[in-house]
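Here's the structure we're looking at; comments come further down.
Please treat every number below as a calculation from the coordinates, not as lab data. Computed from a predicted structure; not experimentally measured. Glycine also receives a Cβ, built like all others from the backbone with ideal geometry; neighbour counts cover every protein chain displayed.
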Amino acid sequence: MSPCSVVSQIDISLNRLIKLSMWEYTEKVREFFLHPKNIGEIENPDAVGDVGSIVCGDALRLTLRIDRETDTILDAKFQTFGCASAIASSSALTEMIKGKTIDEALRISNQDIADYLGGLPKEKMHCSVMGREALEAAIANYRGIPLAAEEEGKVVCKCFGVTEEKIRRVARENDLTSVDEITDYTKAGGGCGECRGEIEAILKDVWSFAPPEKPEKKRALTNLQKIALIQEIIEREIRPTLQADSGDVELIDIEGNKVTIALRGMCTGCVMSGVTVSGIEAKLRELVSDGISVEAV
């Protein structure tokens, strides 16, 4: 893919463009579109991930600077050709992965990218999928191993070049059960529509045993309710478990969906502290909000 600049010289106000858009974007999507972070390309990068195609309407290049001793991502930049959601998703991804090891970065899902932005219109979820794919491609490039090439599979959607393997993978990863959902996440079926019957057949095969149970959406919480619930869960669910092994945790701060904690007792300096923090994050995401992130100081 030829590098494509995110910023083009246009006379139309970007603010006006968004206001006239048919999509309902969150404030964070607007911010990351109007003021994207980490635009450009790292000179002599340690990793490069190219996905998409300008012909299909979306293309993304992700370049990384990686500390080869610790496999920590030191810097990340992107270039993309796409809509506001594509720019915002790419920008958000670079912010999310900086400072993480490549294994930690690989645990970021396309849904995590959307959650980081406060949500994306369902018709634009394919932008978060593209970001996840660019990350996988870049890390495979860094490790010097071939990424499972979707091009080797059968192309189902000729309009957007989407293969059967990609449809199956995205359906499983995101619990998608309808053709319209597949279109939202991959664009497949969104062109001439001839492939929609085949996509439906693929989905029936993927969920031949039983379709995934759609989890009930967590009720919306006010900021005060969220803070109170986080405090309650830490005291009731998390601290007793850690204290049983001579460890402990202290809640330091809550800012939006970011929860800052400090590990205490035997947890301080423990080689498994990263696992402990991930476990706390998973529990809060399960019981409070999918968008919560936990950071230890």
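Quick notes
- In terms of packing, defined here as the mean over residues of other Cβ atoms within 10 angstrom, the peptides 286-296, 123-133 line up highest first as 123-133, 286-296.
- The H on the amide N of Ala296, modeled in the peptide plane, is under 5 Å from the matching H of Ile261, each at least 5 residues off or on a different chain.
- Computed lengthening from Lys154 to Ala282, 0.36 nm per intervening residue step minus Cα-Cα distance: 42.4 nm
- At q = 0.11, 0.21 Å⁻¹, base-10 log of I(q)/I(0) for the range 81-180 (Debye sum, equal scatterers on each alpha carbon): -0.35, -1.25
- Paramagnetic reach from Glu24 in the range 172-207 [backbone N under 19 Å; point 7 Å along Cα→Cβ]: 181, 184-185
- Cα centre as origin, Lys/Arg/Asp/Glu Cβ charges: the range 62-126 dipole, Debye: 220 debye
- Remark: the range 106-123, residue by residue, has Karplus-estimated 3J(HN,Hα) of 5, 7, 6, 9, 5, 5, 4, 4, 5, 5, 4, 8, x, x, 10, x, 4, 6 Hz, where x stands for each Gly or Pro and the curve is 6.51 cos²θ - 1.76 cosθ + 1.60 at θ = phi - 60°.
- Scanning residues 5 or more positions from Cys270 or on other chains, none has an amide H under 5 Å from its amide H, with H placed 1.01 Å from N in the peptide plane.
- Under 20 Å from the Cys83 label point (7 Å along Cα→beta-carbon), backbone N, the range 166-189: 167, 170-171, 174, 176-189
- Selection from Cys270, Ile227, Leu251, by position along the positive dipole direction of the range 217-285 (Cβ): Ile227
- Residues with amide H under 5 Å from that of Val162, placed H, sequence gap 5 or more: Val156, Cys157
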